[in-house]
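The values are calculated or read from the model by the stated rules, or taken from the named source; none is laboratory data. A quick note: this is a predicted structure, and the numbers were derived from the prediction, not measured. In this analysis, Cβ positions are derived from the backbone assuming ideal geometry, glycine residues included, and neighbour counts consider all displayed protein chains. All accessible areas refer to the heavy atoms of the entire protein, side chains included, with ligands and DNA or RNA removed. Shrake-Rupley method; radii C 1.70, N 1.55, O 1.52, S 1.80 Å.
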Amino acid sequence: MLGIGDFAQLTGLSAKALRLYDKQGLLKPAAVDRWSNYQRYSADQLEVAIRLKALRAADIGLAEAERALLGRREAVEVLEEHRARLAEQRRRQDAALEAATALLDGDAPDWEIQERQADAQHWVGVALPVSDGADEEANAAFGALWEALAAADNAPVGPFWSSIRAGSTEDDVELLCCWPVARPMPAGWGIAGLAVVRGQVRAGPELVVGWRHDDGVVVIDAAVHPAVVALLAEAERRGADLDLAAMRQIGRLDETGDAVGMEVAIPLT
């Protein structure tokens, strides 16, 4: 039998790690002295301990390591799953590095920011909590809202647009998925299962900037599009109130109705 110090030296596992694995049930000592609580391991446990050391050195978690030690089939599954996770992690890291390189080494695009006069426009929208699946939820909401408005004989009269607003708490943010309509919907009108909101775009001057989805501009994940950065900076220079709830992100559609780009408008008043 081997003491915990000798067993640690032979396996490369620290005594602290061995005590943790004992507590977790991954590798229990072959014997524990009832009086001194001194732990002893058998030579037969060396192979299991070294396998556990190999799994942990590969950054495999304790739960997965325990599964891998059940048998050859389980070990192959754990290793393949972990290899796939590492490959995806490397892919994301490579993409992030390429984006950072392009952003920091490249020249900033010269965005064409224009001023135009916005007409007063009624709109109806759906409020969604911002989440990881927001894009899919937004697409579904736009579709459901269009169908409901058309069925109510008030079909949208222009391209869709979206905006953001504060939610019920300081940390909550809601996405508004909106369609412009010819007339306001009556009080009480709604869609089952969706939070319907309505309002009116105020007439007045606004700044606008646009881009195509295929223009190759580097956009950092979860960060605002560079064109919007330029737009907000220009609006601030002109003394506009940077109210993000009043900023509209409007879909650019081709002749078939497919979204090919976006434009963002922010009021100057």
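Picking from residues in segment 28-43 that are touching a residue at least 12 places away in the same chain (Cβ under 8 Å) and not basic (Lys, Arg), the one that is most open to solvent (accessible area, probe 1.4 Å) is Tyr38. Taking the criterion of being in a helix (DSSP H, G or I) and either more than 24 Å from the chain's Cα centre (by Cα) or among the basic types (Lys, Arg) (or both), the residues of segment 136-155 that qualify are Leu145, Trp146, Glu147, Ala148, Leu149, Ala150, Ala151. Among the residues in segment 240-249, are any free of Cβ contacts under 8 Å to residues at least 12 places away in the same chain, outside any loop (DSSP other than H, G, I, E, B), closer than 18 Å to Arg116 by Cβ and not aliphatic (A, V, I, L, M)? Checking segment 240-249: not a single residue is free of Cβ contacts under 8 Å to residues at least 12 places away in the same chain, outside any loop (DSSP other than H, G, I, E, B), closer than 18 Å to Arg116 by Cβ and not aliphatic (A, V, I, L, M). In this entry, Ala31 is excluded by the filter for residues that are under 24 Å from Leu79 (Cβ atoms) and out of contact with any Leu (no Cβ under 7 Å at 6 or more places or on another chain).
Criterion applied to Glu47, Glu98, Glu112 was being within 27 Å of the chain's Cα centre (by Cα) and either free of Cβ contacts under 8 Å to residues at least 40 places away in the same chain or within 30 Å of Pro180 (Cβ to Cβ) (or both), and the one residue passing it is Glu98.
Pull up segment 156-180, narrow it to residues that are in a loop (DSSP other than H, G, I, E, B) and open to solvent by 30 Å² or more (accessible area, probe 1.4 Å), then point me to the one that is modelled with the lowest pLDDT.
Of the residues in segment 156-180, the ones in a loop (DSSP other than H, G, I, E, B) are 156-160, 167-172.
Imposing the further condition that a residue be open to solvent by 30 Å² or more (accessible area, probe 1.4 Å) reduces the set to 157, 159-160, 168-172.
Numbers: Val157: 95, Pro159: 90, Phe160: 91, Ser168: 62, Thr169: 63, Glu170: 59, Asp171: 63, Asp172: 74.
Here the residue is Glu170.
Against the conditions (1) charged (D, E, K, R); (2) within 22 Å of Pro129 (Cβ to Cβ); (3) open to solvent by less than 30 Å² (accessible area, probe 1.4 Å), Glu206 satisfies every one except (2). Just one of (1) modelled with pLDDT under 95; (2) open to solvent by 60 Å² or more (accessible area, probe 1.4 Å); (3) in contact with a Lys or Arg (Cβ under 9 Å, 6 or more places away or on another chain) fails for Gly12. It is (2).
For the condition touching a residue at least 60 places away in the same chain (Cβ under 8 Å) and of a type in the set (A, V, I, L, M, F, W, C), what is the one hit in Leu253, Leu175?
Details: Leu175 fails: touching a residue at least 60 places away in the same chain (Cβ under 8 Å).
Exactly one residue qualifies, and that residue is Leu253.
Suppose the filter is open to solvent by 40 Å² or more (accessible area, probe 1.4 Å) and among the aliphatic types (A, V, I, L, M); does Val126 pass it? Against the criterion (open to solvent by 40 Å² or more (accessible area, probe 1.4 Å) and among the aliphatic types (A, V, I, L, M)), Val126 does not qualify. For segment 18-34, a residue qualifies if it is of a type outside the set (Val, Ile, Thr) and under 15 Å from Gln45 (Cα atoms), and the qualifying residues are Leu18, Arg19, Tyr21, Asp22, Gly25, Leu26, Leu27, Lys28, Pro29, Ala30, Ala31. In this entry, Ile113 is excluded by the filter for residues that are surrounded by 11 or more Cβ atoms within 10 Å (Cβ to Cβ) and in contact with a His (Cβ under 6 Å, 6 or more places away or on another chain). Considering segment 44-71, the residues that are open to solvent by 60 Å² or more (accessible area, probe 1.4 Å) and touching a helix residue (DSSP H, G or I) at 6+ places or on another chain (Cβ under 6 Å) include one that is farthest from Gly5 (Cα to Cα), namely Arg67.
Quick check on Asp153: is it on the phi > 0 side of the Ramachandran plot and modelled with pLDDT of 90 or more? Criteria met by Asp153.
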